[in-house]
Amino acid sequence: MGHADLHIHSAYSPDATTTVRAVLKQASDVGLNVIAVTDHNEIRGSLEAHELAPKYGIEAIPAVEVSTKEGHLVALFVETLPPAGLTLIDTLIHIGRQGGVAIAPHPFNKLPNSLSMEAVVGALTNPCAKGVLKGIETHNMSTQSFDSVAQKLSVYLPLAKIGSSDAHVYWTIGAGRTEFPGKTIQDLRNALEQMTTIPIPYQEEFSPKAILSWIHRMTLRKFGYASDNTSVTQPINTQRMSESFIQKIKKK
Ligand SMILES: [Zn+2]
Ligand SMILES: [Zn+2]
C-alpha cells in the first residue's frame, strides 16, 4: 500500500509558508509516496514539484486548488490552469478536457469556499461533467472540526474517500493522508477510479497548533522568510527567500 497527501500548499499560495523543495523533503521524511502541491489558482509550484520529486524518492502530480463560483476544487493531473471564477461544471469540463480528475476539498461546511451537497450532486449528475469529479475529502486536517459532516454525507456518494492535510505549514504535511493499493501516481489514479482509497485520519487534534504555527510563519513570510532546505539531505529550516523567488511568488 502507498500513502498520498493530495492537498498541500507551497509558498506559491499567498497564504502558505513552505518552498516546493521543503514540501518534497517533508513529504519524503514522513513516508509519503505520492503528493499533490495544490496552490490557490496557481500551478507553477506543482509543476516544479512534479519535476523535482524523483530527487526526493517520491512522485508529485501536477495539480491546483481552483476557486469556482460554488467553492474550492482540487484538480489533479492537469498541465494548464483552469481559470478561476468559472462555475463548478465549467471548471470540471476544463479539467476533464485535459485528462484531469477532481476532488471536492473540505466539503459541506459553513466556511466560505466549500462546495455544498447540492453542488457535488449537480456535478455528479451533469452529463457534460460526468466522470471528472472522482473524490471527496472526508478528512481535512486544516478544517477537521467539520470532518464528521463530510464523513456522514459522503457515505451516499459514489466518490473515492480522501484524507488530506491541506497543509499551509510544512510540519502538517502528511497529517491527513490517503492509503491506496500500489505506490505510484498511476496506482493512485487507478484507486481514485475504482474508489479503493482509504482516508487515514491524523492521530491528534492538530488544527489549533497548526493555526498558531501558521500565524507565526505568515509573519516571517512578510519579512521574507520561508521554510526551506538547500539540498535533499539538509533539514528544513526558516531561511531567507531570495529576491528573485520573492518576485516570482508575488501575486500577479
Ligand atoms: Zn480550500
Ligand atoms: Zn487548500
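Quick notes on this structure:
- L88 vs. criteria touching a strand residue (DSSP E or B) at 6+ places or on another chain (Cβ under 8 Å), open to solvent by 20 Å² or more (accessible area, probe 1.4 Å) and of a type outside the set (F, W, Y): no
- Given (1) β-branched (V, I, T); (2) within 11 Å of ligand 2 (Cβ to nearest atom); (3) surrounded by fewer than 22 Cβ atoms within 10 Å (Cβ to Cβ), number of the condition T80 does not satisfy: (2)
- Members of segment 223-250 found to be open to solvent by less than 60 Å² (accessible area, probe 1.4 Å) and in a helix (DSSP H, G or I), listed by number: F245, I246, I249
- Among the residues of segment 146-193, those that are more than 15 Å from the chain's Cα centre (by Cα) and within 16 Å of ligand 2 (Cβ to nearest atom) comprise F146, D147, A150.
So that you can scan it fast, the table gives a plain yes or no per residue for (1) more than 16 Å from ligand 2 (Cβ to nearest atom); (2) free of Cβ contacts under 8 Å to residues at least 60 places away in the same chain; (3) over 17 Å from R217 (Cβ atoms); (4) not acidic (D, E):
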| position | (1), (2), (3), (4) |
| --- | --- |
| L6 | no, no, yes, yes |
| T17 | no, no, no, yes |
| K25 | yes, no, no, yes |
| H50 | yes, yes, yes, yes |
| A63 | no, yes, yes, yes |
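- Selected residue (only one of G135, G176 is modelled with pLDDT of 95 or more and either under 17 Å from A63 (Cβ atoms) or hydroxyl-bearing (S, T, Y) (or both)): G135
- Residue check, K251 more than 17 Å from the chain's Cα centre (by Cα) and at pLDDT below 95: yes
- Residue within segment 47-69 that is within 16 Å of ligand 1 (Cβ to nearest atom), basic (K, R) and either surrounded by fewer than 23 Cβ atoms within 10 Å (Cβ to Cβ) or modelled with pLDDT under 95 (or both) present: yes
The values are calculated or read from the model by the stated rules, or taken from the named source; none is laboratory data. From a predicted model like this one, the values you see are computed outputs, not experimental measurements. All Cβ positions, even for glycine, are placed from backbone atoms using ideal geometry, and neighbour counts span all protein chains on display. Just so you know, the surface numbers come from the protein's heavy atoms only, side chains and all, with ligands and any DNA or RNA stripped out. Shrake-Rupley method; radii C 1.70, N 1.55, O 1.52, S 1.80 Å.
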